[in-house]
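The values are calculated or read from the model by the stated rules, or taken from the named source; none is laboratory data. Note that the coordinates shown come from a computational prediction; the quantities given were computed from them, not determined experimentally. Virtual Cβ from ideal backbone geometry, glycine too; neighbours counted across all protein chains shown. The protein model used for the area step is the full one, side chains on, heavy atoms only, and it has no ligands, DNA or RNA in it. Shrake-Rupley method; radii C 1.70, N 1.55, O 1.52, S 1.80 Å.
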Amino acid sequence: MSGLDTPPHAHEPNPRPPGLDPSVRVTSPGGQSELLTLAELQGLSSTEIRGCYIVSTGHGTSGPFRFAGPALLTLAAHCQVGEFQWADIRSGDGFFARISRAETTESRSDAAAVLALSIDGRPMTRSQGLARLIVPSERDDALKQVKWVSEIEFHVESPD
Ligand SMILES: Nc1nc2c(c(=O)[nH]1)N[C@H]1C(S)=C(S)[C@@H](COP(=O)(O)O)O[C@H]1N2
Ligand SMILES: [Mo]
């Protein structure tokens, strides 16, 4: 496994939200952190991603969906994160994904990663994953679709 890969984990999706509070803590490489409430997240400029599927090992493939919410780069700028090379995304139920800076920027074929707050134009419910990480370039059966994101940590040094 290379340093920027998401560590392997049991591929059994948890259907139960870990509590009701969708606040997200964003931590900069320097260690400063800021807790953003749902209202604050909703106040950031939103990016829409069309044509996303949920390739769920739990209940099959569904979609296509249209997800929208602040892009990770928008969150980084809002929290004055500065330069970073990767981000670690954690949920309240202990799920984890690591994404590279490249996955947070748009490339020719794929849109940038967003913290989705809505699905098909409707506010996402907590049981749908509010707030749910969407990495459009991932082809790994939703292993980076972290539901109930509670922490986003931006990093600069090269990972082990
Ligand atoms: N917080 C959290 N996010 C998660 C998981 C999980 O267990 N906890 N499982 C992942 C996996 S393996 C899959 S297949 C999808 C399932 O999404 P669904 O529950 O919306 O079908 O969620 C992903 N995100
Ligand atoms: Mo999965």
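Here are some notes:
- Residue-normalised accessible area of region 53-156, given per residue in Å² at a 1.4 Å probe: 43 Å²
- Proximal charge balance of Gln128 [Cβ under 15 Å; K/R count +1, D/E count -1]: +4
- Percentage relative contact order, the chain, counting C-alpha pairs under 8 Å, at least six apart: 29 percent
- The label point for Arg108 and the one for Ala39, both projected 7 Å from the Cα toward the Cβ, are 4.5 nm apart.
- Loop-located GluC sites (Glu not before Pro) in region 1-110 (DSSP state not H, G, I, E or B) with no more than 11 neighbouring Cβ atoms inside 10 Å: Glu83.
- For region 10-36 versus region 55-70, the spacing of their alpha-carbon centroids is 19 Å.
- Cα pair distances of the chain binned at 5 Å [whole percent]: 2, 9, 20, 24, 23, 14, 6, 1, 0
- Charged-residue dipole, Cβ positions (Lys, Arg, Asp, Glu), region 7-160 about Cα centre, Debye nearest 20: 480 debye
- Split the accessible area of region 61-105 by element, probe 1.4 Å, and carbon with sulfur accounts for 49%.
- Built amide H within the under 5 Å cut-off of Glu151, gap 5+: Arg25, Arg90
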